[in-house]
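For reference, the structure is listed below as structure tokens.
The values are calculated or read from the model by the stated rules, or taken from the named source; none is laboratory data. Predicted model, so just to flag it, every value in this text is computed and none were measured. FYI the Cβ positions are ideal-geometry reconstructions off the backbone, even for glycines, and counts take in every protein chain you see. Protein only, heavy atoms only, side chains kept; ligands, DNA and RNA dropped before computing areas. Shrake-Rupley method; radii C 1.70, N 1.55, O 1.52, S 1.80 Å.
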Number of protein chains: 2
Amino acid sequence: MATIKNVAKKAGVSVATVSRVLNNKGYVHEDTRKLINEAIEELNYKPNEVARSLYKKKSRLIGLILPDIRNPFFPELSRGVEDEMQKHGFRLIIGNADEKLEKESDYIHTFKQNNVIGIISATNHRDLSHYDDLSLPVVLLDRTSDKHPSVSANGFDGGRQAAREIVRRGSKRVTLLKGPAELQAAQNRFKGAVEEMCTLNVNFNVMVTTSFAFDDAEKWAKKLFEEYPDTDGVIASNDVVAAAILHEAHRLGKSIPNDLQIIGFDDIPLSKLLFPPLSTIRQPAYEMGREAADLLIKLITNEKVQEKYIQMPVEFMERQTTRKAEENG
Amino acid sequence: MATIKNVAKKAGVSVATVSRVLNNKGYVHEDTRKLINEAIEELNYKPNEVARSLYKKKSRLIGLILPDIRNPFFPELSRGVEDEMQKHGFRLIIGNADEKLEKESDYIHTFKQNNVIGIISATNHRDLSHYDDLSLPVVLLDRTSDKHPSVSANGFDGGRQAAREIVRRGSKRVTLLKGPAELQAAQNRFKGAVEEMCTLNVNFNVMVTTSFAFDDAEKWAKKLFEEYPDTDGVIASNDVVAAAILHEAHRLGKSIPNDLQIIGFDDIPLSKLLFPPLSTIRQPAYEMGREAADLLIKLITNEKVQEKYIQMPVEFMERQTTRKAEENG
DNA sequence: TTGAAAGCGTTACCAC
DNA sequence: GTGGTAACGCTTTCAA
């Protein structure tokens with residue numbers, strides 16, 4: 001690997017001058033610049049990011065913490081982040097925290113040690129103290145806090161919409177799944193649904209679920225029908241759980257959406273391929289990722305940001321696990 | 001951030017000695033060691049990876065190139081890699097190449113610039129020349145080449161199994177989907193299926209598909225039934241495409257598996273939640289990721305590796321898009 | 001058993 | 001316009 005010294009030598013100048021052309025900083029004669037550029041070309045020289053980072057105490061890396069990329073919602077999010085970061089020349093170190101505080105701290109630690117220039121975190125822990133004394137810009141994604149800028153979807157509204165839609169489409173014995181308690185996003189959805197159900201003055205059941213993992217989803221689905229065999233409408237805390245419920249409902253011979261309506265949350269790519277295609281509350285995951293990246297970049301470059309707490313709208317995707325709305329709306 | 005100098009000062013020793021205890025190298029008196037460890041503790045000192053990396057020309061980062069994390073097969077793979085790397089203290093820079101050679105090169109470039117210690121690549125390009133003069137260990141994942149160690153699944157055998165199963169379960173007018181031509185893994189599956197069909201001496205159709213993306217999958221599904229409306233068995237190139245076909249078949253009112261059998265490939269987590277649950281050829285994605293990580297680590301540490309070309313077995317997952325096998329097997 | 005100092009590749013200050 | 005050089009935080013020789 002060629003270094004700046006080699007380039008300097010080849011061009012017959014000092015490293016200082018080479019550095020100047022590299023960074024487009026300070027004066028350098030047009031002829032010298034050309035000479036240097038030729039040398040760079042010939043040697044196929046690429047500046048060493050590590051050396052740069054050491055001196056400047058800033059790399060071009062940013063840290064991204066996810067709960068678990070295997071949840072299909074997160075690949076979308078993370079591509080949004082990556083694509084936007086890419087445009088600005090930043091790269092990602094990604095860590096899956098698995099809702100383990102220790103892993104999360106480990107990754108943050110790694111980020112610091114590698115001079116990342118900022119962090120985007122989509123984890124679930126209530127306790128964000130490990131982000132406090134970081135002296136690094138942090139953007140929260142898919143969650144909020146008053147201590148850090150954030151990008152999230154309007155889960156509360158999503159919950160309301162889900163409740164409204166399922167009721168107006170005729171479910172009488174609705175069951176709300178209350179996702180993991182520590183998962184702010186899930187709780188907002190849940191609260192929104194509860195509030196709307198109360199406003200609408202209709203009864204409902206609540207079933208507590210404590211994870212979003214695929215394997216657990218099936219367990220919740222079974223439990224749901226054991227505990228509330230006569231439920232005719234389910235508002236799930238995300239699409240994976242909704243898919244599992246749909247699956248279990250088929251197994252029990254229920255007719256969807258006639259016997260049972262289901263509304264999910266997220267709108268993961270596969271949800272439209274389910275049978276019947278899943279009605280769900282769409283979160284604009286990819287765009288959320290991009291917004292978070294944008295926000296972080298603005299923070300990094302000290303641009304003014306008008307809005308530090310970005311909330312994206314959600315949208316009811318009518319598909320076929322819900323019935324047609326009755327005429328009166 | 002505390003530096004080694006601060007620690008040295010606090011402990012009343014030189015940085016050299018601190019470095020020695022940090023790296024457990026060379027002699028250092030037990031008392032001094034204790035002193036230094038206390039100082040480290042008190043200052044909450046963490047060595048700067050960047051400085052280390054600059055000197056040693058090796059970081060603790062490894063580069064992972066994926067085609068697109070949104071394809072549900074890859075989150076599994078990448079978690080396998082990440083978890084295994086984690087155990088050994090390595091972290092991942094992840095890049096999605098989107099099958100664009102330029103992005104791939106960009107990422108490789110970034111990896112080099114950041115002194116990654118090795119690369120795992122799961123991309124599709126035939127041309128691997130950009131991996132050649134890297135002077136870095138490279139492990140290919142989900143593909144092979146005689147120039148680099150690799151971990152892949154036995155797609156050929158998978159194709160054969162799929163063909164065998166679909167025929168013995170009674171499909172007479174099988175359609176084979178031939179995935180993207182540049183995608184080695186897809187071609188192996190296809191070839192295996194073709195060979196088995198020939199061995200079994202049964203007719204079949206071939207439909208060419210040129211991508212694995214969600215949005216395209218629906219297109220292929222529609223096209224399939226336009227071109228081969230009477231097909232009664234489909235071997236799809238992966239589960240996403242299979243899901244789309246299943247979806248389209250429902251739309252057309254076909255009864256699965258009676259009118260049509262479908263076999264996918266990958267066994268993504270959602271495939272068992274489809275309706276009917278998807279019969280598929282399982283690739284052990286997570287384990288493949290781990291194996292690749294293991295192999296790379298061995299390469300890095302110059303451990304002897306017995307097998308540089310690891311091929312993992314695949315397995316037919318009988319679910320309900322295929323009929324029961326007839327008695328004679 | 002310990003310390004001084006060179007060096008990793010870069011940037012930025014200060015002279016010239 | 002340009003060059004010399006200290007500095008970034010660490011590891012490793014070499015000498016003591």
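The residue of the range A:251-261 that is farthest from the other protein chains (Cβ to nearest Cβ), among those that are touching a residue at least 24 places away in the same chain (Cβ under 8 Å) and within 22 Å of A:PHE214 (Cα to Cα), is A:GLN261. Considering A:LEU295, A:LEU273, A:LEU246, the condition of being within 26 Å of the chain's Cα centre (by Cα) and free of Cβ contacts under 8 Å to residues at least 24 places away in the same chain is satisfied by A:LEU273 alone. Would you be able to say whether some residue in the range B:79-100 is touching a Gly at 6+ places or on another chain (Cβ under 7 Å) and assigned to a loop (DSSP other than H, G, I, E, B)? No: the range B:79-100 contains no residue that is touching a Gly at 6+ places or on another chain (Cβ under 7 Å) and assigned to a loop (DSSP other than H, G, I, E, B). Can you report the number of residues in the range A:20-47 which are within 11 Å of DNA strand C (Cβ to nearest atom), part of a helix (DSSP H, G or I) and crowded, with 16+ Cβ neighbours inside 10 Å? Summing the residues that are within 11 Å of DNA strand C (Cβ to nearest atom), part of a helix (DSSP H, G or I) and crowded, with 16+ Cβ neighbours inside 10 Å in the range A:20-47 gives 5. Among the residues making up the range A:276-292, those that are within 12 Å of A:PHE316 (Cα to Cα) and among the hydrophobic types (A, V, I, L, M, F, W, C) are A:LEU278, A:ILE281. Taking the range A:276-295 as the range and being touching a Lys or Arg at 6+ places or on another chain (Cβ under 8 Å), hydrophobic (A, V, I, L, M, F, W, C) and over 15 Å from A:ILE262 (Cβ atoms) as the test, only A:LEU295 passes.
Restricting the range B:234-250 to residues that are facing another protein chain (nearest Cβ under 8 Å) and surrounded by fewer than 24 Cβ atoms within 10 Å (Cβ to Cβ) leaves a set whose member that is nearest to B:PRO75 (Cα to Cα) is B:HIS247. Among the residues making up the range B:48-73, a single one is more than 8 Å from chain A (Cβ to nearest Cβ), in a helix (DSSP H, G or I) and of a type in the set (A, V, I, L, M, F, W, C): B:PHE73.
Of the strands (runs of 3 or more DSSP E) that lie entirely inside the range B:253-329, those containing 1 or more residues that are open to solvent by 70 Å² or more (accessible area, probe 1.4 Å) and under 25 Å from A:ASP239 (Cα atoms) span B:279-282.
Examine the range B:121-132 for a residue that is modelled with pLDDT of 95 or more, part of a strand (DSSP E or B) and away from chain A (no Cβ under 11 Å), and state whether such a residue exists. Yes, some residue in the range B:121-132 is modelled with pLDDT of 95 or more, part of a strand (DSSP E or B) and away from chain A (no Cβ under 11 Å).
Just to be sure I understand, how many residues within the range A:87-97 are open to solvent by less than 40 Å² (accessible area, probe 1.4 Å), more than 8 Å from chain B (Cβ to nearest Cβ) and of a type outside the set (Phe, Trp, Tyr)?
Counting residues in the range A:87-97 that are open to solvent by less than 40 Å² (accessible area, probe 1.4 Å), more than 8 Å from chain B (Cβ to nearest Cβ) and of a type outside the set (Phe, Trp, Tyr) gives 2.
Name the residues in the range A:270-285 that are charged (D, E, K, R) and more than 14 Å from chain B (Cβ to nearest Cβ), would you?
A:ARG282
Apart from one condition, B:GLN161 fits all of (1) under 24 Å from B:ASP259 (Cα atoms); (2) more than 23 Å from the chain's Cα centre (by Cα); the exception is (2). Looking at B:ALA16, B:ALA51, B:ALA97, B:ALA2, just one residue is in contact with a helix residue (DSSP H, G or I) (Cβ under 7 Å, 6 or more places away or on another chain), at pLDDT 95 or above, hydrophobic (A, V, I, L, M, F, W, C) and within 16 Å of DNA strand D (Cβ to nearest atom), and that residue is B:ALA51. Within 27 Å of A:GLU99 (Cα to Cα) and touching a Phe, Trp or Tyr at 6+ places or on another chain (Cβ under 8 Å) - does that describe any residue in the range A:163-174? No, the conditions are met nowhere in the range A:163-174. Of the candidates A:GLU84, A:GLU102, the single residue that is more than 9 Å from chain B (Cβ to nearest Cβ), of a type in the set (Asp, Glu), open to solvent by less than 20 Å² (accessible area, probe 1.4 Å) and closer than 27 Å to B:LEU77 by Cβ is A:GLU84. Cβ-Cβ contacts under 7 Å between residues 6 or more apart (or on different chains), taken from a first residue in the range A:18-33 that is within 14 Å of chain B (Cβ to nearest Cβ) to a second residue that is more than 8 Å from DNA strand D (Cβ to nearest atom), are listed as A:LEU22/A:PRO47. Return yes when B:GLU76 is in a helix (DSSP H, G or I), farther than 28 Å from A:THR3 by Cα, touching a Phe, Trp or Tyr at 6+ places or on another chain (Cβ under 8 Å) and open to solvent by 30 Å² or more (accessible area, probe 1.4 Å) and no when it is not. Yes, satisfied. Only a single item in (1) closer than 24 Å to B:SER59 by Cβ; (2) within 16 Å of DNA strand C (Cβ to nearest atom) is not met by A:ILE69, and it is number (2). Restricting the range B:52-66 to residues that are surrounded by fewer than 17 Cβ atoms within 10 Å (Cβ to Cβ) and under 28 Å from B:ASP83 (Cβ atoms), the residue that is nearest to DNA strand C (Cβ to nearest atom) is B:LYS57. The set of residues in the range A:105-133 being open to solvent by less than 30 Å² (accessible area, probe 1.4 Å) and polar (S, T, N, Q) consists of A:THR110, A:ASN114, A:ASN115, A:SER121, A:THR123, A:ASN124. Pairs are defined by a Cβ separation below 7 Å, a sequence spacing of at least 6 or placement on different chains, a first member in the range A:44-57 that is under 19 Å from B:HIS130 (Cα atoms), and a second member that is near DNA strand D (Cβ under 9 Å from one of its atoms) and open to solvent by 70 Å² or more (accessible area, probe 1.4 Å); no pair meets this definition. Scanning the range A:145-166 for residues that are without any contact (Cβ under 8 Å) to a residue 40 or more places away in the chain, farther than 15 Å from A:MET317 by Cβ and touching a helix residue (DSSP H, G or I) at 6+ places or on another chain (Cβ under 6 Å) yields a total of 2.
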